[in-house]
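The values are calculated or read from the model by the stated rules, or taken from the named source; none is laboratory data. The model shown is predicted, which means the values in this text are computed figures rather than measured ones. Ideal geometry is used to build each Cβ from the backbone, glycine not excepted, and the neighbour counts take in all protein chains shown.
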Amino acid sequence: MFFLLSLSQYGQSGSDSLYFKPLYQPEVKYIFKTVAGTTHTGYVIKETPKSVTLENRSINEKLELNKADIVSARPLEIKKPIKEEAFEENSHADTYLLSGSAFEFDDGGVVSNNHWLLLQNIDYSINKNFAFTTNAIAFVPFSLGIKCAFKLNTYNSVGGAIFGVGRLFGSNNGNPAFWASAMLLKYTHGTSNKNFTFSGGILGIRAQLISNSTTKAFINVPFVSAAYCNRFSQNVAVVAEAWYLPSTMSLIGGLGFKLIGDERYNWTFGCYSFIDNADNSFKLNLKTVPIPYIGIGRKFN
């Protein structure tokens, strides 16, 4: 009889533990007030019938609170959290078509991206936050710089780059060896499988290369860009990006599909279009006809 009563109580307790109704939304930031008068802020990462675990992501600390000690709880975010990933991590989330994201680098890795089988970009990461970068045309390098990337929290990253463009090798033949410099900042939100990136910066071009009517040594050209990636199947993601140059009112846009089934290789197929005076009504002409795009990416780490 005692055994049956004990078993009945255990079954009831186990049922309560298995089928309790959560009070708080996971991956949402809350502020809790306890009976002791203290307040705690963090993301709900775990909840049981008797406790709730918070994560303060600004200082990377976790705290478990007893529900009996909680006086009040108020969510600080009204947006819905990003849904659970349906696929494993996208190992090629560092690039869209021509532009790149702000996701951290593979420590000590080498990444190569070829555009139109002619223009090549190579990044060598010093660690997960910094990488050297160079660009080449037909294996002849013409730029050198450094990139940075930092993860702020689960879904947000920031980064940037600064580099110079010029004749790294060979004789000058009376022409300037240094052609341009560029600096840009970028912000990425989302996961490796579904994300968007906003970028902005300044490209400084040596004036004598594009104009003889100015006495300035360099002409600064500001630019902004946006890019998007959505992995809709195990092996394929749709990628899109657009660049806008306010000084010339020019818009450059690209759309394509990235094949990401292989962890070391990826192929991208799409097209690009160039539009002058993007603030005017769109009219189809030879300048706006889409240009086919093909890209090949490879990881060597």
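The table below gives the values:
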read-out: Selected residue [under 24 Å from PHE150 (Cβ atoms) and in contact (Cβ under 8 Å) with a residue 40 or more places away in the chain] from GLU27, GLU55, GLU61; value: GLU27
read-out: Residue check, LEU152 without any contact (Cβ under 8 Å) to a residue 12 or more places away in the chain, surrounded by fewer than 20 Cβ atoms within 10 Å (Cβ to Cβ) and within 30 Å of LYS29 (Cβ to Cβ); value: yes
read-out: Scope the stretch 106-132; condition at pLDDT below 95 and among the aromatic types (Phe, Trp, Tyr); matching residues; value: TRP116
read-out: Test result for SER247, within 28 Å of HIS189 (Cβ to Cβ), modelled with pLDDT under 90 and either part of a loop (DSSP other than H, G, I, E, B) or not hydroxyl-bearing (Ser, Thr, Tyr) (or both); value: yes
